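Novice: Sharing a structure below in structure tokens format, with a few things to ask.
The values are calculated or read from the model by the stated rules, or taken from the named source; none is laboratory data. These figures come from a predicted structure and were not determined experimentally. Quick reminder, even Gly has a Cβ in these numbers, built from the backbone with ideal geometry, and neighbours come from all protein chains shown.
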Amino acid sequence: MLFAYRTRINKSTQFISFYLTYGWEAILLFDENNKTKITLEERVKEISIKFTQTKKKALENIEKSQGNQKKYHDIKIKRKSNLNIGDKVLLYDVAKAKQWSGKLEEKWKGPYFIYDKLLNGSYKLKDLKENIFKIPINGEILKRYHDRQNYIPYITI
């Protein structure tokens, strides 16, 4: 299985992994008739010139492939930047996420107010008593809080 993987052209490097690892093409069982004798001088020349150029080209291809993968990944990410300073939010209690003992307890704490908006989607919060949290909170574990002051329950029978 590994030999099959190493003798195929890798998508990210655009080269055969066997060649990048060992410096020569893999010799298969049915390639015995195509053996070519190479002198030591030719081999040193091949390693010093061709192989180093191939490795540089492979590194360039890897960087290009990683850039494309990052672009694709960044398109898929949806960041919540719709929270502003002064908004009421709920904070997800990560400690209760994996506990089965309190499965009926509330997993959201709050409400809190957003005190400051920091870089990379993190926020500083303050509670209803105006105490400001020292540790910034990741925006991924916050959700907007909706007051129920004007809530009218609809009951249909």
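Novice: Name the residue that is farthest from the chain's Cα centre (by Cα), counting only residues in region 131-154 that are at pLDDT 90 or above and among the charged types (D, E, K, R).
Specialist: Ranking the candidates gives Lys134 first.
Novice: Here is a further query. Please determine whether any residue of region 4-20 is charged (D, E, K, R), part of a helix (DSSP H, G or I) and surrounded by 14 or more Cβ atoms within 10 Å (Cβ to Cβ).
Specialist: First, pick out the residues of region 4-20 that are charged (D, E, K, R): 6, 8, 11.
Okay, now just the ones that are also part of a helix (DSSP H, G or I), so 6.
Still in the list and also surrounded by 14 or more Cβ atoms within 10 Å (Cβ to Cβ): 6.
Looking for residues that are charged (D, E, K, R), part of a helix (DSSP H, G or I) and surrounded by 14 or more Cβ atoms within 10 Å (Cβ to Cβ), one finds at least one in region 4-20, hence yes.
Novice: Being β-branched (Val, Ile, Thr) and at pLDDT 90 or above narrows it down to one residue among Ile157, Ile114; which is it? Steps first, answer last, please.
Specialist: Details: Ile157 fails: at pLDDT 90 or above.
Only one candidate qualifies: Ile114.
Novice: Would you be able to tell me the number of residues in region 45-58 that are under 12 Å from Phe15 (Cα atoms) and either surrounded by 11 or more Cβ atoms within 10 Å (Cβ to Cβ) or in contact with a Leu (Cβ under 7 Å, 6 or more places away or on another chain) (or both)?
Specialist: 5
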